[in-house]
Amino acid sequence: MVAFRNSDASGRTSGLLLRCVLYCLLALGLIITDKRYDHLGELRRFLSVVAYPVQVAVASPFQGWDWFRENVSTRASLEADKDKLEAQLRLANFKLQRYEALEAESQRLRALRANTADVTAHFIIGNIMHLDLDAFRERVLIDKGARDGVFVGQAVLDAGGVFGQVARVEQLTSEVILISDPAHEIPVQVNRNGLRTIAVGTGDTHLLKLPYLPTSADVVAGDLLVTSGLGGGFPAGYPVGTVAEVKRDPAQSLADVDVRPAAALDRTREVMFVWLNGDSGSAATSPLPATTATTATAGATATKPPPSTAQATPPHPPATASAGPAHSPSPPPPAKPRGAPP
Amino acid sequence: MMRDDPAPRLPMALSAVVALALAVLPLPTAIDAFRPDFLVLVVLYWSIESPRAGGLALAFLAGLALDVTRGVVLGQHALALTLMAAWATHLRLRLRVFSLVSQSLTIFAFLSGYQFILFWVDGATGNPVTTFSRWLAPVIGALIWPLLTGLLSRLHER
C-alpha cells in the first residue's frame with residue numbers, strides 16, 4: 001500500500017521537484033566552482049578520461065580512413081607527391097642557405113647586446129582528432145596532453161604559420177584555441193615595416209581582423225604579418241597571415257583590415273607544440289597533481305636539448321590572449337594608441 | 001503505465017552513448033549549425049517514457065559528459081538538461097497522449113528552453129555566443145523527434 005501511494009501522481013511529482021532542485025543546485029555549484037575558483041581540474045581530468053573512449057571511437061573511423069588512403073595510394077599519386085615535395089625541398093633549401101647566414105649574423109648582433117635570440121627550443125607534433133568541440137567556437141582537440149608536457153598558453157604552429165594556443169590540458173588530450181576564434185587575439189607585426197598591432201579572430205576560419213590600426217597606418221593588401229613575440233606567448237617571427245584587404249573610411253578613425261591566416265586552419269592534420277627557451281613543460285601546469293607533473297617534466301626533459309644557460313627568460317607570462325573560457329583582457333595594442341594622429 | 005515498471009538501463013545507456021558520439025561526430029562547418037542536440041532528445045525520450053529508471057540522473061550525467069567534451073564551464077549542460085528533463089517528466093502523462101505534431105511542438109519548447117539556459121550560462125560566465133544559428137538546433141530537433149521516438153521505442157520494446 002505504501003509502495004502504491006509512493007507511485008501515485010502527487011508523491012512522484014514532489015519527489016521529482018526535490019530531485020530536480022538537488023541536481024540543479026549541484027550543477028549551479030559546479031558552474032560557480034569551476035568559474036570562480038578553478039578547483040575542478042581534477043574532476044574534469046577524470047571525467048575527460050571517462051569520455052575519452054567515446055571520442056576515440058568517433059574519431060577512429062576518420063583516422064582509419066586517412067590511414068587507408070595513405071596506404072592504398074597509387075604509384076602515380078605517390079610520384080606526383082614526391083615531385084611536389086622535392087620542389088618544395090629545393091625551394092626550402094634555397095631559402096635556408098640565406099637563413100643560416102642571417103641567423104648567425106643575428107646571433108652575433110644579439111650577443112653584442114648580451115641578449116640571446118628567443119628561438120624555439122624544441123617541439124612535438126600532435127595530431128588533430130577529428131572532433132567538433134563546439135560549432136560556434138574555433139577550437140580543436142589534439143592528441144597530446146599533460147603526459148607529453150603540453151601546458152596552457154603554449155604556442156601551436158602548423159606548416160604554414162601560427163595555428164593557435166593551448167587553452168586547456170587534459171591528461172591525454174589538449175584543447176587548442178585557433179587564432180580565428182572570436183575570443184583570441186595575437187600580437188603581430190607587419191613584416192615590411194615593423195608596425196605592431198593585434199590580430200583578432202572573427203569566428204570565420206579564413207578571416208582575421210586588425211581592429212586597432214588608425215586609418216593612416218601604413219598597411220596595404222599583401223603585407224605579411226608575423227608574430228611580434230611581445231607578450232611572450234608566441235615565438236617571434238612566425239607568419240600569422242597576409243593582409244587581404246584594407247578598407248579606409250574617412251569618417252572612421254580606425255581602418256578595417258582583413259587578414260587571411262597563413263596556417264591552414266581548417267585543413268591541417270598535424271600541428272607543432274612549441275617550447276621556447278626557458279619554458280619548462282611543467283612550469284605552467286601548476287594544477288597538475290604531483291605524479292602527472294613529474295611525468296610531464298620527465299617527458300619534456302627526455303626530448304629536450306640541454307637548456308641554454310645564457311639567459312634567464314621570465315617564466316611563461318600570462319597568455320597573451322584569453323586562453324580559456326574566460327575572456328581575460330588582452331594587452332592593449334603596443335605601439336599605436338587608438339586613433340592616434342598620424 | 002506498463003512501461004514505467006522495468007528499468008531499461010541498458011537501452012538507456014546505449015542510446016545515450018550513441019547520442020554522445022553523434023554530438024561529437026565531425027561535420028562540415030556548413031551543416032554543423034544544423035546538427036540537432038541528439039543527447040537532449042534521447043534524455044527527453046527517456047524522461048517521458050521511463051522516468052522511474054533515473055531520467056534525472058541520466059540527464060545530469062549526460063550533461064556533464066557534454067560539458068567535458070565541449071570544453072565549456074562544468075555544469076552548464078548538466079543544469080540545462082536536468083531542468084528540461086524534469087519539466088518533461090512532469091508533463092509526461094499529457095505528452096504520451098499527444099499527437100506526434102503536438103509532441104514535436106512541445107519538444108521544440110523543451111529544446112528552446114535548453115538552448116536558452118545554455119545561452120544564459122554562456123553570458124553569465126563571460127563567454128557570450130550571440131550567433132543566431134544556435135537557435136536552429138531546436139527547430140531541427142523538433143523536426144526529427146517523430147523519427148527518433150519511433151527508433152527509440154523500437155529499441156525499448158526489445
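The values are calculated or read from the model by the stated rules, or taken from the named source; none is laboratory data. Predicted model, so just to flag it, every value in this text is computed and none were measured. As a convention, Cβ positions derive from the backbone with ideal geometry for all residues, glycine included, and neighbour counts pool all protein chains shown. Note: areas computed on protein heavy atoms with side chains; ligands, DNA, RNA excluded. Shrake-Rupley method; radii C 1.70, N 1.55, O 1.52, S 1.80 Å.
Quick notes on this structure:
- Among all positions in segment B:141-155, there is at least one residue which is modelled with pLDDT under 85 and of a type in the set (A, V, I, L, M).
- Every condition in (1) surrounded by fewer than 20 Cβ atoms within 10 Å (Cβ to Cβ); (2) at the interface with another protein chain (Cβ under 7 Å from one of its Cβ atoms); (3) in contact (Cβ under 8 Å) with a residue 40 or more places away in the chain holds for A:ARG19 except the one numbered (3).
- Looking only at segment B:82-108, residues that are more than 9 Å from every other protein chain (Cβ to nearest Cβ), of a type in the set (A, V, I, L, M, F, W, C) and assigned to a helix (DSSP H, G or I) come to 9 in all.
- Of all residues assigned to segment B:74-94, at least one qualifies as being within 24 Å of A:ALA51 (Cα to Cα) and without any contact (Cβ under 8 Å) to a residue 12 or more places away in the chain.
- Selection over segment A:201-225 of residues that are in a strand (DSSP E or B) and closer than 14 Å to A:ARG260 by Cβ gives a count of 6.
- Residue identified as in contact with a helix residue (DSSP H, G or I) (Cβ under 9 Å, 6 or more places away or on another chain), open to solvent by less than 10 Å² (accessible area, probe 1.4 Å), of a type in the set (Phe, Trp, Tyr) and modelled with pLDDT of 85 or more among A:PHE151, A:PHE163: A:PHE151
- Boolean, B:ALA78 is under 16 Å from the mean Cα position of the chain (by Cα), in a helix (DSSP H, G or I) and more than 10 Å from chain A (Cβ to nearest Cβ): no
- If only residues of segment B:128-139 that are buried (at least 16 other Cβ atoms within 10 Å of the Cβ) and in a helix (DSSP H, G or I) are counted, the one that is farthest from the other protein chains (Cβ to nearest Cβ) is B:PRO138.
- Filter result (open to solvent by less than 10 Å² (accessible area, probe 1.4 Å) and either at the interface with chain A (Cβ under 9 Å from one of its Cβ atoms) or outside any helix (DSSP H, G or I) (or both)) within segment B:56-67: B:LEU56, B:ALA59, B:GLY63, B:ASP67
- Filter result for B:GLY113 (more than 8 Å from every other protein chain (Cβ to nearest Cβ), part of a helix (DSSP H, G or I), of a type outside the set (Lys, Arg) and free of Cβ contacts under 8 Å to residues at least 40 places away in the same chain): yes
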